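Colleague: Here it is, the structure in full.
The values are calculated or read from the model by the stated rules, or taken from the named source; none is laboratory data. Here the structure is a predicted model, which is why all the values come from computation and not from measurement. Ideal geometry is used to build each Cβ from the backbone, glycine not excepted, and the neighbour counts take in all protein chains shown. Quick note on the areas: whole protein, heavy atoms, side chains included, nothing else; ligands and nucleic acids left out. Shrake-Rupley method; radii C 1.70, N 1.55, O 1.52, S 1.80 Å.
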Amino acid sequence: MKINVYTIVSSLHDDEYIKGQRERLFSSLHDLTNYEFELVNDPSKLYEGSDLGIILVESGGSENEFLKNIKYFKPPFIFLTYPHNNSLAASLEILTYLRNNNLRGEILHGSDEYIASRIRDIVNNEIKPTKLGVIGRPSDWLISSGKVDEKALKDKFNIELVNINSKELLDEIAKHNEDLDPSMFKAKFDYEELKKAYHIYLSLRNIVNKYYLKGFTIRCFDLLNTVKSTSCLALALLNDEGIIAGCEGDIPAMISMYTALKVLHQPSFMANPSLLDVKNSELIIAHCTIPLKMTTSYKFDTHFESNIGIGIKGELKEEDILLFRISSDFTKYAILRGTIEENLDRYNLCRTQIKVKIHDDITYFLKKPLGNHHIIVYGNDPKELEDYLDSLGLTEIN
């Protein structure tokens, strides 16, 4: 691995002293990472022929040197600092400037061991864009969630969307005729329907592998007519495996699910708010798929709207949750705290149904919602999500 480093420094500091510190740091980081650290004198060459470009802030008073060359740099901005020379102070000023302009960055500061560890993490996990698929196109009824700002998505989340034609999925499904061992599930259902749903799972898994996806959202209702089945079971299984799998082509919901997994390290339930009681601050949420890992038990049923294929009726733990969604322009987010009070079994709702006591302002849903689908995760502390989204330049809706 090759790391290019461009330095910014105030003219007031001694060149030889600074050079000695730089050489010591590069030598230590090389020993800890086995990466090659190469100094570049031209800021336009920072990312050329390297796995990572880093800006070394060598002293205080170097903030304007950064601004002179900012056109050559790109997010996420990575700043390397010393524990002296007011290097950290200057870096804080620069990073605050970038955040005020909704640009991502990070300061590498602390022990050489910590800095080396973060450089390895950034190179291995954060520099290459994450690929998320859109299979088909967003459902026609998603009039606010069907079009997103892809540039903002790339700049803020480092995520690229991969558009995949629905025909490719249908061609993949047609290849599968494997038998299925029903004992792999804790619920019973018609064997032929289970097998069709399992073939959809295998097909989606192959597409994920083909395009190196970390997840996807699918125009799932089209499957009702084309293969007379549903993707509900497939999405549940893939989410259990840590692959984001969302419904209806809802891209902001998929990004919300991805964020929940990235930050909180747990799967999420993408669902429709279905009934709201302002007086008692209660909300009923429902959908026909849920990660099986989130349930205490589950049954198979048909898909609610079509009454064909397989839907999942899951029972959730009656404990605290967070309801979460990111806006389609990736500038705002909403997080509400709640507690699951009851699992329901109503005939006129999607199969997995919960009643939630909302502990924040429930009129958010009536006055300023960010969309239909919201993401539910277990927990009661929104700080990690808030800190992460704030660091990307998003603001919480009030």
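Colleague: Apply 1/(1 + (r/R0)^6) to the Cβ-Cβ distance of residue 225 and residue 93, taking R0 = 56 Å, and write down the FRET efficiency to the nearest 0.05.
Modeller: According to the calculation, E is roughly 0.45.
Colleague: Straight-line reach from residue 317: which lysines have a Cα under 21 Å away, not including same-chain ones fewer than 8 places off?
Modeller: Hits, sequence-local ones excluded: 186, 293, 299, 355, 357.
Colleague: Please list the non-local residues whose amide H lies under 5 Å from the amide H of residue 341, H modeled 1.01 Å from N, same-chain partners needing a gap of 5 or more.
Modeller: 355, 356, 357
Colleague: Is the C-alpha gyration tensor of region 58-119 telling us rounded, prolate or oblate? Criteria: a/c under 1.5 is rounded; beyond that, a/b larger than b/c is prolate, otherwise oblate.
Modeller: In terms of gyration-tensor shape, oblate.
Colleague: Give me the percent of the accessible area of region 188-310 that comes from carbon and sulfur atoms, probe 1.4 Å, all protein chains in place.
Modeller: Roughly 52 percent, rounded to a whole number.
Colleague: Let me ask you something else. Stick to the Cα atoms of region 322-398, pair each with every other, and give me the Kirkwood hydrodynamic radius in Å at one decimal.
Modeller: Hydrodynamic radius (Kirkwood, Cα pairs) of region 322-398 is 13.6 Å.
Colleague: Hey, what D do you get for region 1-135 in µm²/s if you plug the Kirkwood alpha-carbon radius into Stokes-Einstein at 10 °C and 1.306 mPa s?
Modeller: In µm²/s, the coefficient rounds to 104.
Colleague: Inverting the mean 1/r over all pairs of different Cα atoms, compute the Kirkwood radius of region 249-398 and quote it in Å.
Modeller: 15.5 Å is the Kirkwood radius here.
Colleague: Moving to a separate point now. For region 105-175, rounded, prolate or oblate, judged on the Cα gyration tensor with a ≥ b ≥ c (square roots of eigenvalues), a/c < 1.5 rounded, else prolate if a/b > b/c?
Modeller: oblate
Colleague: Calculate the radius of gyration of the Cα atoms of region 192-264 to one decimal place, then report Dmax, the largest Cα-Cα distance, as a whole number, both in Å.
Modeller: Just the Cα atoms of region 192-264 yield Rg and Dmax of 12.1, 38 Å.
Colleague: Still on this structure, please answer the following. Counting Lys +1, Arg +1, Asp -1, Glu -1, what net charge surrounds residue 32 among other residues with beta carbon under 14 Å of its beta carbon?
Modeller: For residues surrounding residue 32, the net value is -2.
Colleague: Oh, and also: To the nearest Å, what is the center-to-center distance of region 3-43 and region 329-398, using C-alpha atoms only?
Modeller: Region 3-43 and region 329-398 have Cα centres separated by 46 Å.
Colleague: Right, here's the next one. GluC sites (Glu not before Pro), restricted to region 1-95: which are DSSP loop and have at most 15 other Cβ atoms within 10 Å?
Modeller: Answer in residue order: 48.
Colleague: Of 290, 312, 119, which has the largest mean-square fluctuation in a 10 Å C-alpha GNM of the chain?
Modeller: 119
Colleague: Dividing the convex hull volume of the Cα atoms of region 158-279 by its residue count, what figure in Å³ per residue is obtained?
Modeller: 151 Å³
Colleague: Along the Cα→Cβ direction, 7 angstrom out, place labels at residue 344 and residue 262. What is the inter-label distance in nm?
Modeller: 3.3 nm
Colleague: I would also like to ask the following. Reachable lysines from residue 2, Cα under 23 Å, same-chain residues fewer than 8 places away excluded?
Modeller: 19, 45, 71, 74, 128
Colleague: Nearest-5 percent of antiparallel DSSP beta bridges in the chain?
Modeller: Percent antiparallel among DSSP bridges in the chain is about 55.
Colleague: On to the next question. Give, rounded to the nearest 20 debye, the magnitude of the charge dipole that the chain has about its Cα centre when Lys and Arg contribute +1 at Cβ and Asp and Glu contribute -1 at Cβ.
Modeller: In debye, rounded to 20, the chain gives about 960.
Colleague: For every other residue with a beta carbon closer than 10 angstrom to the beta carbon of residue 195, add +1 if it is Lys or Arg and -1 if Asp or Glu, then tell me the sum.
Modeller: Here the charged neighbours net out to -4.
Colleague: About the Cα centre, and with charges only on the beta carbon of Lys, Arg (+1) and Asp, Glu (-1), how big is the dipole of region 331-385? Nearest 20 debye, please.
Modeller: For this selection, approximately 220 debye.
Colleague: Mind giving me the FRET efficiency for residue 38 and residue 214? R0 is 22 Å, r the Cβ-Cβ distance, nearest 0.05 is fine.
Modeller: 0.10
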